[in-house]
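Single-structure report; data block below.
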Amino acid sequence: MKIIEPSIITELDIVLDLLPLINLSKSEDSDIYEKHIKGITLNNEDISKICFKEVIFENCKFIDCSLQKSEFIDVIFKSCDLSNSNFNDGYFNKCQFNSCKAVGANLQNCNLKNISIIDSNFNFVNFDTSKLNNIIITESELSNANISECKLSKLQLEYVNFINTSFFKTPLKGIDFTKNQIDGIIVSGGELKGAIVSANQAAELAKLLGLIVK
């Protein structure tokens, strides 16, 4: 499966202090674009309703920050920590998360397309009621996550852990789980119609749904 990769110019302005840019963006209602933001740490900051375009975040930490209704277009996150931050109602298009940590992050009711998540920890993340289209996730953790009542389209998964993850009321038709761990996933039953699983996974899912396999 192919996705549209982030399109970023080669020469970006280096930013080592993000708060002045955030304040300017809010006061002028302007986008933050063509920046390489490196090594910043923000705690409990309000970064909501800001649009980032053609931006690289590298070794950045957004801890318990509010990024509600923010937009990320042509954005790369490298070795960033987004744990427990709130991206509720956000928009992501042509973005990469590479070796990132987003434990407990809230991406509820978000629109995500052309996204790659690589070697990242998204345990306990909340994707509930989000739309995910053209998504590649490899060698990552999404255990104990909430992916309930979502719309999934063109989702490619390889070596991803979904242990105890909730897919409640999320149709999984056409999604290939054979290279992934899905022990203890939470479903009501109908979500699994048309999902692609291995024989061993099918046996475990049958037990999960109350069937006795002999």
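Readers should treat all values here as calculations from the given coordinates under stated rules, not as data from a laboratory. A quick note: this is a predicted structure, and the numbers were derived from the prediction, not measured. Heads up, the Cβs are rebuilt from the backbone with ideal geometry, glycines too, and the neighbour counts pull from every protein chain shown.
Data overview
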{"item": "Normalised contact order of the stretch 112-214, rounded percent, pairs of Cα under 8 Å and 6 or more residues apart", "result": "19 percent"}
{"item": "Pairs beyond 28 Å (Cα-Cα), from LYS26/LYS151; LYS78/LYS193; LYS78/LYS113; LYS2/LYS78; LYS78/LYS131", "result": "LYS26/LYS151; LYS78/LYS193"}
{"item": "Calculated diffusion of the chain, Stokes-Einstein form, Kirkwood radius summed over Cα pairs, 37 °C and 0.692 mPa s, µm²/s", "result": "185 µm²/s"}
{"item": "Environment charge at SER130 (Cβ cut-off 15 Å; Lys +1, Arg +1, Asp -1, Glu -1)", "result": "+2"}
{"item": "Estimated [θ] at 222 nm from DSSP helical runs (n ≥ 4, -39500 (n - 2.57)) normalised by residues in the chain, nearest 500", "result": "-2500 deg cm²/dmol"}
{"item": "Highest-fluctuation residue, LEU192, LEU24, LEU142 considered, GNM on the chain with Cα pairs under 10 Å", "result": "LEU24"}
{"item": "Residue among ASN123, ASN109, CYS95 farthest towards the positive dipole end of the stretch 70-214, charges placed on Cβ", "result": "ASN109"}
{"item": "Crossing angle, helix 199-208 versus the chain [Cα axis fit, 0-90 degrees, rounded to tens]", "result": "90 degrees"}
{"item": "About the Cα centre, charge dipole magnitude for the stretch 13-161 (Lys/Arg +1, Asp/Glu -1 at Cβ), debye", "result": "300 debye"}
{"item": "Highest to lowest packing among 100-107, 26-33, 73-80, 176-183, scored as the average C-beta count within 10 Å", "result": "100-107, 73-80, 176-183, 26-33"}
{"item": "Contact order normalised by residue count of the stretch 13-161, Cα under 8 Å, 6+ apart, percent", "result": "13 percent"}
